[in-house]
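A quick write-up on the structure given underneath.
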Amino acid sequence: IRKITPAGVVSTFVSSTGSALGIDAADNLYLADTGNHTIRKITPGGVVSTIAGLAATPGSADGAGSAARFNGPAGITVDNVGNLYVTDIYNSTVRKVTPGGVVTTLAGTAGVKVQGTGGQDDGIGGAARFDTPVGVAVDNLGNVYVSEAGVDNSGRIRQITPEGVATTLVGRTAGMSNPSGIALDSSRNLFVVDTANNSVKKVSQLGAVSLVAGLPWNPSADGFGSVARFWNPTAVAV
């Protein structure tokens, strides 16, 4: 994890196998440490601690601190009161972590997803199904948005209310392929990295999808809109 100041000074916080970062109002960083199956906290001074999960111990269990278990946590985001939301890839679930490190499953059920036979159901809490949830974002109302990259659901964007009600905001027919990172602007528009299509898409609160930049071919070019080119983009911030 590297920090770069506006003046270009680079400092190293920690080396890890993480795949996503979130930041709270106090400038604490939170890392989804994918390879260690844990959630890490990094203070502005570079102090690293594990707030949930147990290193090198994959699984699926709710609980406090090291009693909780994850299996490949990938995406992470922080709401306006310090709760973390994590996409738990190999459990096909979305997890919530309180500031005190208490982990619960917001939506999905681990161990019931079989590749090619499910993962598409909307529903409440454990009745919802996901397939390889990757990116995650949360709005100021507590709604959570998740991108999915699995065989069943690749291209879908799901919305989960604070009560755990999961619905499909964008279906596979919208033409996205392996979407990964997602972010929200102040008007609650979603920006989605459409990785396999080498592009960035915008999704309105009504689920309307439009192209922001890029096209599915010819990588590496600056420019306006579809003139720009990307190659396997994975993350986005607004």
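The values are calculated or read from the model by the stated rules, or taken from the named source; none is laboratory data. Values in this document were obtained by computation on a predicted structure and should not be read as measured data. Cβ atoms come from the backbone with ideal geometry, glycine included; neighbour counts cover every protein chain shown. Only protein heavy atoms, including side chains, enter the accessible area calculation; ligands, DNA and RNA are left aside. Shrake-Rupley method; radii C 1.70, N 1.55, O 1.52, S 1.80 Å.
Applying the condition of being of a type in the set (K, R) and either modelled with pLDDT under 90 or assigned to a strand (DSSP E or B) (or both) to the stretch 175-226 and asking which residue is farthest from N140 (Cα to Cα) yields K201. Residue by residue through the stretch 146-174, note down the ones that are in a loop (DSSP other than H, G, I, E, B) and either within 13 Å of S92 (Cβ to Cβ) or modelled with pLDDT of 85 or more (or both). Passing the criteria: A149, G150, V151, D152, N153, G155, R156, T161, P162, E163, G164, G171. Within the stretch 213-223, the only residue that satisfies the criterion of being surrounded by 15 or more Cβ atoms within 10 Å (Cβ to Cβ) and over 13 Å from M176 (Cα atoms) is A213. Residues that are touching an Asp or Glu at 6+ places or on another chain (Cβ under 9 Å) and open to solvent by 20 Å² or more (accessible area, probe 1.4 Å) within the stretch 59-78 comprise S60, R69, N71, V78, listed in sequence order.
Of the residues contained in the stretch 179-193, none is found to be in contact with a Ser or Thr (Cβ under 9 Å, 6 or more places away or on another chain) and of a type in the set (D, E).
Among the conditions (1) open to solvent by less than 50 Å² (accessible area, probe 1.4 Å); (2) modelled with pLDDT under 95; (3) of a type outside the set (G, A, S); (4) within 21 Å of I182 (Cα to Cα), I42 misses just one, which is (4).
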